[in-house]
1. Just checking, how many residues over segment B:46-56 are within 28 Å of A:GLU130 (Cα to Cα), open to solvent by 20 Å² or more (accessible area, probe 1.4 Å) and not hydroxyl-bearing (Ser, Thr, Tyr)?
2. Among the listed residues A:ASP67, A:ASP62, identify the single one that is surrounded by fewer than 16 Cβ atoms within 10 Å (Cβ to Cβ) and either part of a helix (DSSP H, G or I) or not aliphatic (A, V, I, L, M) (or both).
3. For segment A:62-77, how many residues are over 13 Å from A:TYR115 (Cα atoms) and either of a type outside the set (S, T, N, Q) or out of contact with any helix residue (DSSP H, G or I) (no Cβ under 6 Å at 6 or more places or on another chain) (or both)?
4. Among the numbered conditions (1) open to solvent by 80 Å² or more (accessible area, probe 1.4 Å); (2) in contact with a Cys (Cβ under 7 Å, 6 or more places away or on another chain); (3) of a type outside the set (Lys, Arg), tell me where B:ILE59 comes up short.
5. From the residues in segment A:36-52 that are within 19 Å of the chain's Cα centre (by Cα) and either open to solvent by less than 40 Å² (accessible area, probe 1.4 Å) or more than 14 Å from chain B (Cβ to nearest Cβ) (or both), which one is farthest from A:VAL97 (Cα to Cα)?
6. Hey, can you tell me all the residues within segment A:53-73 that are facing chain B (nearest Cβ under 8 Å) and over 11 Å from B:GLY57 (Cβ atoms)?
7. Within segment A:108-124, is there a residue that is part of a strand (DSSP E or B), within 9 Å of chain B (Cβ to nearest Cβ) and either of a type outside the set (Phe, Trp, Tyr) or farther than 18 Å from A:ARG41 by Cα (or both)?
8. Identify, please: which residue in segment A:125-141 is outside any strand (DSSP E or B) and out of contact with any Asp or Glu (no Cβ under 9 Å at 6 or more places or on another chain) and is, among those, surrounded by the fewest Cβ atoms within 10 Å (Cβ to Cβ)?
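The values are calculated or read from the model by the stated rules, or taken from the named source; none is laboratory data. Because the structure is predicted, anything quoted here is derived from the model rather than measured. When we count neighbours, we look across all protein chains shown, and the Cβ atoms used for this are built from the backbone with ideal geometry, even at glycine. Ligands, DNA and RNA are stripped out before the accessible areas are found, and what is left, the full protein with its side chains, is counted by its heavy atoms. Shrake-Rupley method; radii C 1.70, N 1.55, O 1.52, S 1.80 Å.
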Amino acid sequence: MMAASVIEIAPKVLKPEALMTEFRRTAKDAGAVVSFTGIVRSEPGDDPVLALNLQTYPGYTDRMVADHVSSARARWTVTNVLVHHRTGRVEAGEAIVLVAVAARHRQAAFLATDYLMDQLKSRTPLWKQEIRRSGTRWIEPRGADADDLARWDRPHGVGSLS
Amino acid sequence: MANLLYFGRVSDVGVDGPVDIPSGLKTVRDLRRWLCEGDPGLGAVLRETTIKAIVNGDIAADDTRVSNTDEIAFFSPMSGG
């Protein structure tokens, strides 16, 4: 079985359906394919979110995402991994991130996908700004994000298959 | 000259670019204090405890050494995904 990781941190528009078709084509021996797509919420109301802006640390952001994928591979037996994260301006309703994992069995695929999303949210050099008509503000992690991250550090918690 | 970069909320008040770090400054803590003294607008954000540093691509602590050949980034909490 060939193990391949595709990582793309770039401004170009993310097309999850096309990427997943290609991903499934390359993940031939997988019994399980799990994916997560993150979409910019508009939060309709008097002052909806028009777009997000993603700032990156060129070079370093890519390296950290590669490290997270390596960590996921060290913890779970998975074959193909795909991480696409948009940078720059992303309009409300557009996909901002796609994570996909193929494995022989579903538990590893689910856990690795969940783990990678938590690392992308809080431990990756990306900084999100919310753009509304009223102005722009930097998004900082919520308490729930810290709890999500902590799950992976517990020795015999959700990260373990034993 | 060291290369200084600012990300997140700090990028609103700091300008990326080369900085000549005075020879007496040895650590991230020293550099931070010096930057705050030199620029009150930058200092107002930089002095917050949630602002961290990366030195040459590695997460740094307050006592991490810095020098004029380093790339040093100051950043507010990461938020991606």
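1. Taking segment B:46-56 as the starting set, the residues that turn out to be within 28 Å of A:GLU130 (Cα to Cα) are B:46-55.
Of the ones still in play, those that are also open to solvent by 20 Å² or more (accessible area, probe 1.4 Å) are B:47-50, B:52.
With the extra rule that they be not hydroxyl-bearing (Ser, Thr, Tyr), the set shrinks to B:47-48, B:52.
Going through segment B:46-56 one residue at a time, the tally reaches 3.
2. Details: A:ASP62 fails: surrounded by fewer than 16 Cβ atoms within 10 Å (Cβ to Cβ).
Criteria check complete, one pass: A:ASP67.
3. Of all residues in segment A:62-77, those over 13 Å from A:TYR115 (Cα atoms) come to A:62-64, A:66, A:77.
So of that shortlist, the ones also either of a type outside the set (S, T, N, Q) or out of contact with any helix residue (DSSP H, G or I) (no Cβ under 6 Å at 6 or more places or on another chain) (or both) come out as A:62-64, A:66.
Total meeting the criteria: 4.
4. So B:ILE59 meets the others, but not (2).
5. Filtering segment A:36-52 down to residues within 19 Å of the chain's Cα centre (by Cα) leaves A:36-41, A:51-52.
Next, only the ones that are either open to solvent by less than 40 Å² (accessible area, probe 1.4 Å) or more than 14 Å from chain B (Cβ to nearest Cβ) (or both) stay: A:38, A:40, A:51-52.
Working: A:GLY38: 5, A:VAL40: 9, A:ALA51: 14, A:LEU52: 12 Å.
If we take residues in segment A:36-52 being within 19 Å of the chain's Cα centre (by Cα) and either open to solvent by less than 40 Å² (accessible area, probe 1.4 Å) or more than 14 Å from chain B (Cβ to nearest Cβ) (or both), then A:ALA51 is farthest from A:VAL97 (Cα to Cα).
6. A:LEU54, A:GLN55
7. From segment A:108-124, those part of a strand (DSSP E or B) are none; that's our starting set.
Checking segment A:108-124: not a single residue is part of a strand (DSSP E or B), within 9 Å of chain B (Cβ to nearest Cβ) and either of a type outside the set (Phe, Trp, Tyr) or farther than 18 Å from A:ARG41 by Cα (or both).
8. Narrowing segment A:125-141 to residues outside any strand (DSSP E or B): A:125, A:133-134, A:139-141.
Okay, now just the ones that are also out of contact with any Asp or Glu (no Cβ under 9 Å at 6 or more places or on another chain), so A:125, A:140-141.
Values: A:PRO125: 25, A:GLU140: 15, A:PRO141: 19.
That would be A:GLU140.
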